[in-house]
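One structure is given here, and the rest of the page talks about it.
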Amino acid sequence: MGKEKILIIGASGQLGTELVEALRNIYGASSVVASDIRKSDNPVFETGPFETLDILDLAKWKDILQRHQPTQVYHLAALLSATAEQNPEFAWKLNMQGLFHVLDAAREEGSSIGRVYWPSSIAAFGPNTPRFETPQYGPMDPTTVYGISKYAGELYIQYYFQRYGVDTRSLRYPGLIGHKSDPGGGTTDYAVGIYHDALKGEVHDCFLKEGTILPMLYMPDAVKATLDVMHADPEKIKMRMSYNLAGMSFAPEEIADSIKEHIPDFQITYNPDYRQAIADTWPAVIDDSLAREHWGWKPAYDLAAMTKDMLENIAPRYS
Ligand code: AKB
């Protein structure tokens, strides 16, 4: 690869913030342009270029492309499952039109963009998908607007690869858990909030009920998987929809128990809301064997290791 210029769209979000830091460490701060509708107050955003960008604003998008000539684009801007259900029309517009703006720019004659990363999610699955050892291929009948947009997006990134030769890469993320930024509107996000409540000495009132097993991934593993799939030689990416990806699976009472190992007084209560119905249509345990076979995916963190690391990193905020 020659000199790379990276553009991250939706950089102020949970995953974007982490990728800005990781990619600036690899490529140098000036080679990684962060963009979002609002600038994060995370200090890493002061280390390199930032552009205010609403990806639905085609004129601004084209202007940024012309000025920065990115060779790789990470397009992360989207509404997540719970927020999208509050505003389904806008969620569809943002999640799909935003993706088309990126894919269409990448397929244009003479485009600087050589590679596009776009995230999918376990939300692309639905009630008829096998819940355990969920296969890469099988029934996909998402019930949320977010999940429908992810499944449609998966088909489109494959289409743009097959029809126009755009080098698209993608992962189906489980719930992502990290300590560097606050999560934004997901059904799996209780698994972040619970650590903060535990360290504040508060009872965690969980919006999912006991026994709701969901697939989750700790952020350092998510960042590693994202960079690994983007940096893999093209011939290793033998599948151009989104790869199944797994880290760990647990129910709310299991993460609570892992916290009690460190904070014995911690308590959890259960008060399921509309997010329960979303979680009930998602898989519990994912089969990610294709990612392991094709480009060597292997997660490092289990629940116990993640809990220890989360508590250590969040504790200073509340002490
Ligand atoms: C959400 O809960 O919406 C996200 C996801 C699983 O994609 N974390």
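For the range 6-173, what is Rg from Cα atoms divided by 2.2 N^0.38 Å, rounded to two decimals?
1.04
Can you give the accessible area of Asp280 in Å² (nearest 10), computed on protein heavy atoms with a 1.4 Å probe?
Here the residue's solvent-accessible area equals roughly 80 Å².
What residue among Pro88, Ala291, Thr143 has its Cα farthest toward the positive end of the dipole of the chain, where the charges are +1 on Lys, Arg and -1 on Asp, Glu, each on the Cβ?
Checked the options; the winner is Ala291.
Viscosity 1.567 mPa s, temperature 4 °C: what is the translational diffusion coefficient of the range 178-319 from Stokes-Einstein with a Kirkwood Rh over Cα pairs, rounded to a whole number of µm²/s?
80 µm²/s
Add +1 for every Lys or Arg and -1 for every Asp or Glu among the other residues with Cβ under 15 Å from the Cβ of Val32, and state the total.
0
Based on DSSP, what percent of beta bridges with both residues in the chain are antiparallel, to the nearest 5?
10 percent
Across the Cα atoms of the range 112-160, what radius of gyration and what greatest pairwise Cα-Cα distance (Dmax) are found, in Å?
Radius of gyration, then largest Cα-Cα span, for the range 112-160: 12.2, 41 Å.
Tell me, what is the percent relative contact order of the chain, built from C-alpha pairs under 8 Å that lie six or more residues apart?
18 percent
Per 0.36 nm of contour for each residue apart, how much would the distance between Glu293 and Lys3 grow if the chain were fully extended, relative to their Cα-Cα spacing?
That pair, Glu293 and Lys3, stretches by 101.5 nm at full extension.
Report the one residue of Phe100, Pro70, Ile8 whose Cα lies farthest in the direction of the positive end of the charge dipole of the chain (charges on C-beta: Lys and Arg +1, Asp and Glu -1; origin at the Cα centre).
It is Pro70.
For the chain, compute Rg over Rh where Rg is the Cα radius of gyration and Rh is the Kirkwood radius from the inverse mean 1/r over Cα pairs.
Radius of gyration over Kirkwood radius for the chain works out to 0.95.
For the range 269-311, what value does the Rg/Rh ratio take when both radii are computed over Cα atoms and Rh is the Kirkwood radius, given to two decimals?
Values: Rg = 15.3 Å, Rh = 13.6 Å.
Across the range 269-311, the Cα-based Rg/Rh ratio is 1.12.
Of the heavy-atom accessible surface of the chain (probe 1.4 angstrom), what whole percent is carbon and sulfur? Mind showing how you got there, number by number?
On the way: 6600 of 13270 Å².
Whole-percent figure for carbon plus sulfur exposure: 50.
Roughly how many Å² of Glu261 are accessible to a 1.4 Å probe, to the nearest 10?
That residue has around 150 Å² of solvent-accessible surface.
Over 31 Å between Cα atoms: which of Lys224/Lys260; Lys5/Lys308; Lys150/Lys236; Lys3/Lys238 fall into that group? Working shown, then result.
Working: Lys224/Lys260 28 Å; Lys5/Lys308 36 Å; Lys150/Lys236 23 Å; Lys3/Lys238 26 Å.
Over 31 Å apart, Cα to Cα: Lys5/Lys308.
Taking the Cα centre of the chain as the origin, how large is its charge dipole in debye, to the nearest 20, when only Lys and Arg (+1) and Asp and Glu (-1) carry charge on their Cβ atoms?
It comes to approximately 1000 debye.
Largest first and in whole Å, give the semi-axes of the range 110-242's equivalent ellipsoid, each being the square root of 5 times a Cα gyration tensor eigenvalue.
31, 19, 12
Please state the relative contact order of the range 6-173 as a whole percent: Cα pairs under 8 Å, 6+ residues apart?
Relative contact order for the range 6-173 comes out at 19 percent.
Given a 1.4 angstrom probe, what's the average accessible area per residue across the chain, in square angstrom? All intermediate terms of the calculation are to be shown ahead of the outcome.
Values: 13270 Å² over 319 residues.
With all protein chains present, the chain gives 42 Å² per residue.
Full extension from His196 to Glu235: what is 0.36 nm times the residue separation minus their Cα-Cα distance, to one decimal in nm?
9.8 nm is the gain from fully extending His196 to Glu235.
The values are calculated or read from the model by the stated rules, or taken from the named source; none is laboratory data. Computed from a predicted structure; not experimentally measured. Every residue, glycine among them, receives a Cβ derived from its backbone with ideal geometry; neighbour counts consider all protein chains shown. Please note that ligands, DNA and RNA were not included when accessible areas were found on the heavy atoms of the full protein model with its side chains. Shrake-Rupley method; radii C 1.70, N 1.55, O 1.52, S 1.80 Å.
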